[in-house]
Amino acid sequence: IPGVKNSEMLKVALESKTGKHFNIFEFSKIMNKVCDELDIDKSFIHRGINENMSGGKRKKNELMHLYVLEPDFVILDEIDSGISGKAARAVSEKIKMISKNAQVICVTHLPVVAACADYNYYISKKVVEGNTKTNISLLEEKDVIKEIARIMSGSEITDSLYNSAKELLDRSIKNENL
């Protein structure tokens, strides 16, 4: 939304959700706490929505909005698109934080994000007689490891990839740095 700052949008949305008016000091305290918890630069509060932001910063900004507004249910369709490495890890950690208070469905193609899920599903599509059929199946732990390894490689799953995927999943479960 051109010209609208995060602080303006979030203040109005938070007041609408809670039915409470926040003075500038109360709202600043809330936003500073959110930025600290999400490890987001406080300058995001006063920036325009998605204004001059890289892919990773845009994703963190979107997650900041979700964190402040605390929805009960969230669908994130490839929120990790256009990011990788350190930004992907940061986004996966933020998604995990949000999922503590909300039901989150996240479509992802990044292993580090998939490894943070409580449950993993495999979605496949196939065209049958001109109609697209979609199948969704819950993956068991061994299949989660295989799928994370497949995402990592794009093709053949070697022992090394399988072990790397298992380590990524194990570290995620233990809440260690990914």
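The values are calculated or read from the model by the stated rules, or taken from the named source; none is laboratory data. Worth saying up front: this structure is predicted, and the values here are computed from it rather than measured. Every residue, glycine among them, receives a Cβ derived from its backbone with ideal geometry; neighbour counts consider all protein chains shown. All accessible areas refer to the heavy atoms of the entire protein, side chains included, with ligands and DNA or RNA removed. Shrake-Rupley method; radii C 1.70, N 1.55, O 1.52, S 1.80 Å.
The ellipsoid equivalent to the alpha-carbon distribution of the range 64-113 has semi-axes of 18, 11, 9 angstrom, derived from the gyration tensor eigenvalues as √(5λ) and listed largest first.
Given +1 at the Cβ of Lys and Arg, -1 at the Cβ of Asp and Glu and no other charges, the dipole of the range 1-120 around its Cα centre is 300 debye to the nearest 20. A simple spin-label model places pseudo-atoms 7 Å from Cα toward Cβ; at SER54 and ILE75 they are separated by 3.1 nm.
Less than 5 angstrom separates the built amide H of ASN120 from those of LEU139, all sequence-distant by 5 or more or on a different chain. Where the alpha-carbon atoms of the range 1-88 are placed on the principal axes, they occupy 39, 27, 26 Å, in descending order. Per the Cα gyration tensor, the range 119-162 maps to an equivalent ellipsoid with semi-axes of 25, 14, 6 Å, ordered largest to smallest.
Leaving out ligands, DNA and RNA, what percent of the accessible area of the chain is carbon and sulfur, probe 1.4 Å? With neighbouring chains kept in place, the figure for the chain is 50 percent.
Across all C-alpha atoms in the range 33-130, the radius of gyration and Dmax reach 14.6, 54 Å.
Cα extents for the chain along the principal axes, largest to smallest and rounded to whole angstrom: 56, 43, 29.
Could you work out how far apart the two model spin labels at VAL127 and GLN103 are, taking each label as a point 7 Å from the Cα in the direction of the beta carbon, and quote it in nm? According to this spin-label approximation, the distance is 3.4 nm.
What separates the Cα centres of the range 29-62 and the range 111-135 is a distance of 31 Å. Going Cα to Cα from LYS86, which lysines come in below 17 Å? Please leave out same-chain ones fewer than 8 positions away. Candidates past the 8-residue exclusion: LYS57, LYS59, LYS60, LYS94, LYS96.
Looking at the chain, the DSSP beta bridges with both ends there are about 65 percent antiparallel.
Both radii are taken from the alpha-carbon atoms of the range 77-178; with Rh as the Kirkwood radius, Rg/Rh is 0.99.
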